[in-house]
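Engineer: Sharing a structure, written as structure tokens. Questions coming.
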Amino acid sequence: MHHEKQSPNTTNPFASGDEVLGGGLPRARTAIVNGGPGSGKTMLGLEFLYRGALAGEPGIFIGFEEPLDQLRENAATLGWDLAALERENRLFLLGGHIQPDMLTSGEFSLKGLLAAASGKATEMRAKRFVMDALEVALRLFDTPIQVRNELHTLNNWLRGAGLAALLTVRPGVRGGALAFEDFFLSMGDCVIDMDVRMVAQVSTRRLRVVKYRGSGFESNEYPYVITGSGLHVAPISTVGLRHKPLGEKITTGQPKLDAILEGGYRRASCVLFAGQPGTGKTILASTFVRAACGRGENVLYISFEESQEALTGNVRNAGIDLQPEIASGRLRFLCQFPEAMGAEEHYIRALADIEDFSPAHVIVDAISACERMGGKQASFDYLMRLLNRCKEKGITILLLNQTSVPTDITGISGNEISSLVDTVVRLDYKEGFGETTRLLSVLKSRGSAHSNQKREYWITDQGIDIADPYLGEGEVLTGTARQVQEEKDRMEAERLEFEIRLKELEIERLQTMQRRMANGIEKRTALRADKPLDDTQQKG
Amino acid sequence: MSDKSTQSPAGRASGAPFYRLRLFVAGDEPNSVQARHVLTRLCEAHLGGRCAIEIVDVCEDFHAAIEHGIYLVPALKVESPPPARTIVGSLSDEAKVLHALGIAGKGVEP
């Protein structure tokens with residue numbers, strides 16, 4: 001969580017890692033960055049200094065591995081002019097490389113280096129300090145005791161110098177812990193692990209804050225990338241609690257769909273269009289785009305399947321011309337093949353556009369293509385982060401999902417993101433009576449009343465047209481079905497009541513009969529009793 | 001500033017080379033003190049004064065350390081005769097120092 005902190009962390013050490021570090025790297029403290037070759041730890045260190053220098057905090061870099069000229073060249077590819085900062089005394093690069101003509105005789109220490117750093121720090125009023133590939137320097141020392149002594153000296157110096165320091169080290173090879181590793185961990189106020197691994201054939205860089213004394217931090221692993229503007233970390237668990245509430249209803253661009261949704265989509269919500277190929281998802285999205293741009297709002301269209309030209313051409317055939325919106329600068333496309341880069345780089349690029357362009361709405365066409373970024377996990381990572389970022393910024397996000405077969409809602413949204421989806425618009429084909437009809441239905445619309453009836457729709461050269469309620473489809477007519485059932489039940493109850501009444505009458509009839517029979521027996525008995533008496537009287 | 005202790009360039013005869021040495025130390029830390037002693041003794045014993053030793057304390061003159069690229073101290077820089085070389089450490093392994101200076105050890109002079 002990104003809370004206000006009392007401790008004076010140096011701000012903006014690298015582009016977006018502040019969030020992970022709960023506010024930045026520690027001022028007057030030491031951060032240890034543990035990373036293998038290619039993990040970008042040198043870049044992290046350089047960025048820390050570069051951004052510091054720009055922000056008025058001069059810094060010193062001591063490198064033991066890469067030649068300084070190479071560092072300057074690498075930085076130049078990111079657009080960082082280190083040489084200019086060096087000339088202005090805002091940055092000092094020092095190469096602590098071992099000279100090839102060096103011989104040793106007896107014990108020595110790194111005190112010369114510290115003297116140089118110390119003097120320079122005072123001279124240029126440095127606030128930041130980076131030592132890159134410290135293990136290279138430490139390898140010069142024969143015994144673990146010497147190494148430990150050097151680290152103690154370094155640590156004492158750092159504590160005294162009041163610099164925000166970042167030391168990078170390469171972890172021990174194959175678990176063979178170097179003598180100084182444990183000491184390192186205790187020396188650092190903040191320990192960051194960085195590594196590169198291959199996930200589904202896509203190289204993924206991950207960063208993790210292992211320890212951060214006296215500071216809140218996110219202990220999860222974060223993917224990061226090194227892009228044209230530096231190192232970017234993409235935290236995921238920091239998000240979620242900062243979502244903006246859903247906003248007002250905004251038109252879908254289609255009056256009848258507005259009516260179904262009782263006003264339209266909600267601003268800052270996540271809308272999912274699910275449907276098979278050719279059901280008009282892109283057209284429906286473009287309808288919305290045109291309406292939004294018409295209101296003067298910016299829209300970012302992320303396309304993973306078609307180029308800008310192909311996409312705008314296709315929707316133009318359906319009567320939606322996006323060209324004016326592109327020309328006015330309200331609509332921007334970000335077209336990339338999913339497999340062109342890893343999920344995190346995709347995310348960072350989208351994020352860069354979101355930051356730079358401030359869109360009110362983002363379209364992702366199509367989320368089903370995201371798996372090609374490197375598998376299900378990559379796709380999930382990308383979408384979750386993008387969705388979260390949009391929700392945080394109050395951006396409406398339209399996700400288009402291409403489904404192969406009609407499935408349940410989880411299948412429709414795919415990627416297990418359904419909990420974040422507010423509205424689901426489902427587009428279906430239906431075969432029958434020798435023709436194919438297209439059916440649109442709203443399966444879910446959070447925080448809003450909506451009709452759940454299926455509607456027939458057509459893709460015309462004037463966009464999408466929706467018919468009035470289609471009543472012939474049994475499964476969705478839950479309302480009518482329920483009414484029928486209720487009517488049936490009522491009739492059944494009446495029937496039963498009638499039957500009871502009938503039975504009661506029957507009982508009554510039987511009781512009457514029983515009484516009558518009983519009376520009859522009595523009478524006949526009485527008659528029989530009289531007769532013999534009469535007979536006796538007649539004989540006597 | 002740097003502490004200069006240049007010895008008189010006497011005994012330049014027999015074409016023996018003259019040594020220009022620069023010893024980088026860090027204040028009075030033990031290794032630096034030791035290196036200073038060892039160097040003075042070796043020069044007296046083997047170079048017969050055919051040397052100029054400049055002692056640079058990097059704690060006072062860090063610019064010199066940066067300029068010469070000396071980060072490990074103590075360090076002895078042999079500036080002449082060529083080739084230039086640097087011997088890092090307290091110079092406790094005297095044989096190694098002499099070898100590096102191109103002077104064979106005692107008693108095995110060619």
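Here, each number is a calculation from the coordinates, and none is a lab measurement. Since this is a predicted model, take the numbers as computed values, not measurements. Ideal geometry is used to build each Cβ from the backbone, glycine not excepted, and the neighbour counts take in all protein chains shown.
Engineer: With a point put 7 Å past each Cα toward its Cβ, work out how far A:Ala310 is from A:Glu506 in nm, to one decimal.
Structural biologist: So the two model labels end up 7.5 nm from each other.
Engineer: What value does the stretch B:18-101 have for Rg/Rh, both radii from Cα atoms and Rh as Kirkwood defines it?
Structural biologist: That ratio is 0.93, to two decimals.
Engineer: Something else about it: Count neighbours as other Cβ atoms within 10 Å of each site's Cβ, and list the trypsin sites (Lys or Arg not before Pro) in the stretch A:289-337 that are DSSP loop with at most 16 such neighbours.
Structural biologist: Working: sites: A:Arg290, A:Arg295, A:Arg316, A:Arg330, A:Arg332; in loops: A:Arg295, A:Arg330.
Taking the stretch A:289-337 and a limit of 16 other Cβ atoms within 10 Å, the loop trypsin sites (Lys or Arg not before Pro) found are A:Arg295.
Engineer: Quick check on my link table: of A:Lys393/A:Lys444; A:Lys41/B:Lys77; A:Lys281/A:Lys393; A:Lys454/A:Lys488, which ones sit more than 29 Å apart, alpha carbon to alpha carbon?
Structural biologist: A:Lys41/B:Lys77
Engineer: Using 0.36 nm times the number of residues separating A:Cys335 and A:Arg139, minus their current alpha carbon distance, what extension gain do you get? Walk me through the numbers on the way to the answer.
Structural biologist: Working: separation 196, 0.36 × 196 = 70.56 nm, distance 4.81 nm.
Stretched fully, the A:Cys335-A:Arg139 segment lengthens by 65.8 nm.
Engineer: Full extension from A:Glu522 to A:Asp461: what is 0.36 nm times the residue separation minus their Cα-Cα distance, to one decimal in nm?
Structural biologist: Here the answer is 12.3 nm.
Engineer: Treat each spin label as a single point 7 Å out from the Cα along the C-beta direction, and report the A:Ala83 to A:Thr122 distance in nm.
Structural biologist: 3.2 nm
Engineer: Spin-label point model (7 Å from Cα, Cβ direction): what's the B:Arg85 to A:Glu494 distance in nm?
Structural biologist: 11.8 nm
Engineer: Next question. Identify the residues of the stretch B:30-61 with backbone N under 17 Å of a label point that sits 7 angstrom from the Cα of B:Arg20 along the Cα-to-Cβ direction, or state none.
Structural biologist: Correct set: B:50-56.
Engineer: Further question: Which trypsin sites (Lys or Arg not before Pro) in the stretch A:68-126 sit in a loop by DSSP (not H, G, I, E or B) and have at most 11 other Cβ atoms within 10 Å of their own Cβ?
Structural biologist: Of the trypsin sites (Lys or Arg not before Pro), the ones in loops of the stretch A:68-126 whose Cβ has at most 11 other Cβ atoms within 10 Å are A:Arg125.
Engineer: For the stretch B:23-67, calculate the relative contact order in percent as a whole number, restricting contacts to Cα pairs under 8 Å that are 6 or more residues apart.
Structural biologist: It rounds to 53 percent for the stretch B:23-67.
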